[in-house]
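The values are calculated or read from the model by the stated rules, or taken from the named source; none is laboratory data. Keep in mind that this is a model prediction, so the values were computed, not measured. Glycine gets a Cβ as well: all are built from the backbone with ideal geometry, and neighbour counts include every protein chain shown.
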Amino acid sequence: MAIKQKNSIFIRVFLIFGSLVLAITLFFAFMVVPMQKNAFKQIMFTQAETVSRSIVQASSDAIISKDFGFIVEHNVEVLKNNTSIHYILISPKVGDKIWINQENWHLIENLNNDIAQLENNNITYKIMPIENYEKVYHFVYPIQFSGISWGWLHIGFSTNQYDKYINDMYFQIIYIIGISLILILCVGYLFARWISQPVSIISHLATQVAGGDLTVRSTIERGDEIGVLSDSFNQMVDSLMQSKKHLENYNQELENKVLKRTQELADLNKDLDNKIKDEVAQRQKQEALLIHQSRLAAMGEMIGAIAHQWRQPLNALGLVQQNLQFKYQMDKLDDDFMNQSMDKSARLIQKMSSTIDDFRNFFKPNKHIEPFNINNIIKSTADLLEAQLKNNNIKLQIICNENLIIKGFQGEFSQVILNLLNNAKDALIENNPKQPTIIIDAIKNNDTVTITIKDNAGGIPDGIIDKIYDPYFTTKEEGKGTGIGLYMSKIIVENNMSGTLRAFNDAEGANFVIELKNNQD
Amino acid sequence: MKIPHRILINLILASCSMLSIPTSADELKKDIRLNMGYYFNSISERANRTDIEISLNFWAKELFDSEAKKHDFIISSSRAILFDRIEDMQIAFQQGELDLIVAPPLLISRYFKRSELGDGFVGMLEGKKPEALLLIARNDKNINSIKELRGKRLELVEDDELADIFIDTLFLKELKKGYKNIDLAIQRQKKSNRIILDVFFDKTDAGIVYSSSYTLMAELNPDIKNKIKPLAELPIKGRNFIFFRRDYPLIKELTSVAMSFPDSVRGKQILEVFKTPEIINCKVEELAKFDNYYNEYLRLKNKTNK
């Protein structure tokens, strides 16, 4: 982050230091001026009093004896030796006054009011203009001998010295302020630099460190907190450098580990793919095998069903042959009988042939999705088991709209219906209810077609209802069931026809429900 | 401001006394001394002893050092000797201890042989006006002649033999008696200025003063001329005369240096101490006037005594 110039430590320290020194200097100057003025006035007063006392003491005899010659001579000499005195006025209470200045002296009879007002028992002074002097420190010293007032000594002091003191004082103050300003500039610069430079250096170094350069080091060597900060900074950078090296080593190590692990995972994935492919292939193979087995089982059952279907026409055909033989022996075989028998035989043979065609159609490979009539498929499938159902007195009731059509694999759907009817038949035979009944109910809802195959064989035992779709699971006697019928039915419905197959028990028996999408509309 | 030049001359001479100056290029490095003696009473009115000693032994030496280089001579040693008695100065001069003397002309004429003196110089008033002795008196005392001084108060300068001779001569001429034999109240003051003030303030009726003092005091207070008038005058050129020892080798050079005092700051400073603004040459023969005056005085005095 860039630091604004005005916010830098250097500028701040410089300004604070400079302002402080300047403020202190001005404060003292402000305080000193009136004090000095009073002091100078006091000095002037003291000097004036001393000079006055000296003059009076030196002239005391002359004053008493009225030796004005001495007084004039002495004061002329005083004036010559004291250029700061403009004039001396000897003012006796009685008689002429003697006015002496640097150029001449003379006698005067009366004082002007300004001066006369200053004559009293106390020492007084007044700064005022007198004669040709614009500004005079007029000092009045009462002359007394043995308590008797003789008169007054007036001395007009030049204020040049006082003014010079004041001017010198102002000059000195200006000088001091000037020196202070120079000091502020010099010392303040050095002081601010002394304070801010190491901080700036360390700040700059810290910025470099923050930028990633850990080779920088502070060269500041001082015995104060800055020195300690410098050492601490260097130690910190050393620590950072060591940490960075450790991190780099650790990163390198991690990278190596990651690479190694990645390689291992890649290898593992490769094996896994192969395993999955193998597994899928094996599963597919197994499924194909199961389907094949299922078909074989179905074919076995169909053979049984054909046998049942053929039993009645074969018996009838046998009876036709026995009647023919009997007529013949009775010699009553005529053409009509013969034709009737032949027609009947032909019908029976035709029926048997038709039965074969039905089974052949049922097992005919049909792997194309096509619309088919559900009612027709259910009835044709039920026809395959008609003989077995009649033999076992099982009543089959089909409730289905004759125009209910869906799209799908017709053969596989027939296989599912056959499996479920077969299972219901076996359950009814096994449990032998009073009126064994199978009800096939196919109804169309909004977007689904539901086919329910219901029996009254007492239902599936609760202990196995969750296992009935497992492959090779069967409750039938050995040799009567393979355990793949329901498994294949569920695979066909859910995988090939995008539907569902579920089972539940009601009060009478088992219910198998096939739900298919109504994709015909 | 006009100042008696007696002291001034002494000072200059004293300054000169600090020099030891060769007369030619060959003598530049010789150890030539300049011992100056002067009569203290004749200059004490103008400056105190300390000022004189400082001015002679430090300022004058410094000045002569610098001035001597300009005139191609070297000052090796100088010395100023103050004499309270003219007789002591006379003896020192006769013994060759002094190279230059500073004293009132009357005393020089009386105590020093002409044959031993070389030409010198004398301090003059501003504008090179000559000094003079004046007999002054208050106007309001009705004193218009020497005779009218009888019964009056008279002030004289202390230790000033010429003033005494001057007033004595006046009385001898007019009254045939010395002033000490007249009815006079005689007082003495150290300074001529003070006598004028005393006359002004009516502390005395008359006095003997130097004209330079009278002029000065009249400048300080012009009213003095209204109250005081001169009755008699004795021209004397200067209060003090400065003469070299006749065989002193650097009379011309030192006189030239003394003449250049007014041209330098330090020289002016020295002259200011002795209140003498101007310096002119002085011949030994000029002492004859004082010889004559003194001889006349002696004649009158002797005549009166007879």
If we ask which residues in region A:130-159 are modelled with pLDDT of 85 or more and outside any strand (DSSP E or B), their number turns out to be 1
Checking A:A288, A:A307, A:A281 in turn, the sole residue that is without any contact (Cβ under 8 Å) to a residue 60 or more places away in the chain and surrounded by 12 or more Cβ atoms within 10 Å (Cβ to Cβ) turns out to be A:A307
Those residues of region A:328-339 that are over 23 Å from A:M352 (Cβ atoms) and assigned to a helix (DSSP H, G or I) come to a total of 4
Inside region B:173-189, the number of residues satisfying the requirement of being away from chain A (no Cβ under 14 Å) and either free of Cβ contacts under 8 Å to residues at least 40 places away in the same chain or surrounded by 23 or more Cβ atoms within 10 Å (Cβ to Cβ) (or both) is 10
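To keep it simple, each residue is scored yes or no on (1) within 18 Å of A:Y141 (Cβ to Cβ); (2) within 14 Å of chain B (Cβ to nearest Cβ); (3) modelled with pLDDT of 90 or more.
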site	(1), (2), (3)
A:L15	no, no, no
A:A23	no, no, no
A:V33	no, no, no
A:Q36	no, no, no
A:R53	yes, no, yes
A:I98	yes, yes, yes
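To keep it simple, each residue is scored yes or no on (1) of a type in the set (G, A, S); (2) within 14 Å of chain B (Cβ to nearest Cβ); (3) surrounded by 17 or more Cβ atoms within 10 Å (Cβ to Cβ); (4) touching a Phe, Trp or Tyr at 6+ places or on another chain (Cβ under 9 Å).
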residue: A:I90; (1), (2), (3), (4): no, yes, yes, yes
residue: A:L118; (1), (2), (3), (4): no, no, yes, yes
residue: A:Y141; (1), (2), (3), (4): no, no, yes, yes
residue: A:D168; (1), (2), (3), (4): no, no, no, no
residue: A:Q172; (1), (2), (3), (4): no, no, no, no
(message) Yes or no: region B:202-209 includes at least one residue that is surrounded by fewer than 24 Cβ atoms within 10 Å (Cβ to Cβ), without any contact (Cβ under 8 Å) to a residue 12 or more places away in the chain, farther than 30 Å from B:G267 by Cα and not basic (K, R).
(response) no
Picking from A:I491, A:I453, the residue that is at pLDDT 90 or above and within 24 Å of A:E412 (Cα to Cα) would be A:I453
Sole miss for B:E155 among (1) within 14 Å of chain A (Cβ to nearest Cβ); (2) touching a residue at least 24 places away in the same chain (Cβ under 8 Å); (3) surrounded by fewer than 21 Cβ atoms within 10 Å (Cβ to Cβ); (4) not in a loop (DSSP other than H, G, I, E, B) is condition (3)
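One line per residue, one yes/no per condition, for (1) touching a residue at least 40 places away in the same chain (Cβ under 8 Å); (2) touching a Ser or Thr at 6+ places or on another chain (Cβ under 9 Å); (3) closer than 30 Å to A:F14 by Cα:
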| residue | (1), (2), (3) |
| --- | --- |
| A:L205 | no, yes, yes |
| A:R222 | no, yes, yes |
| A:E225 | no, no, yes |
| A:K260 | no, no, no |
If we ask which residues in region A:85-135 are touching a residue at least 60 places away in the same chain (Cβ under 8 Å) and more than 26 Å from B:M217 (Cβ to Cβ), their number turns out to be 2
Residue hits (region B:190-218; among the small types (G, A, S), within 12 Å of another protein chain (Cβ to nearest Cβ) and assigned to a helix (DSSP H, G or I)) are B:S192, B:S213, B:A218
Taking first residues from region A:58-81 that are at the interface with chain B (Cβ under 7 Å from one of its Cβ atoms) and second residues anywhere that are surrounded by 21 or more Cβ atoms within 10 Å (Cβ to Cβ) and of a type in the set (D, E, K, R), the pairs with Cβ under 6 Å that are 6 or more apart or on different chains are A:G69/B:R194; A:G69/B:D198; A:G69/B:K203; A:E73/B:R194
Could you tell me whether any residue of region A:371-380 is farther than 19 Å from A:M497 by Cα and surrounded by 15 or more Cβ atoms within 10 Å (Cβ to Cβ)? yes
Across (1) facing chain B (nearest Cβ under 10 Å); (2) surrounded by fewer than 16 Cβ atoms within 10 Å (Cβ to Cβ); (3) among the hydrophobic types (A, V, I, L, M, F, W, C), A:V94 clears everything bar (1)
With the first residue restricted to region A:239-252 and required to be aliphatic (A, V, I, L, M), and the second required to be assigned to a helix (DSSP H, G or I), Cβ contacts under 9 Å at 6 or more apart or on different chains are A:L240/A:V209
Practice task
With respect to A:A427, determine if the residue is modelled with pLDDT of 85 or more and under 24 Å from A:N391 (Cβ atoms).
Solution key: yes
- If you go through region B:286-298 one residue at a time, do you hit one that is surrounded by 14 or more Cβ atoms within 10 Å (Cβ to Cβ) and farther than 30 Å from B:L172 by Cβ? no
With criteria (1) of a type in the set (S, T, N, Q); (2) touching a helix residue (DSSP H, G or I) at 6+ places or on another chain (Cβ under 7 Å); (3) touching a residue at least 12 places away in the same chain (Cβ under 8 Å), B:T215 comes up short on (2)
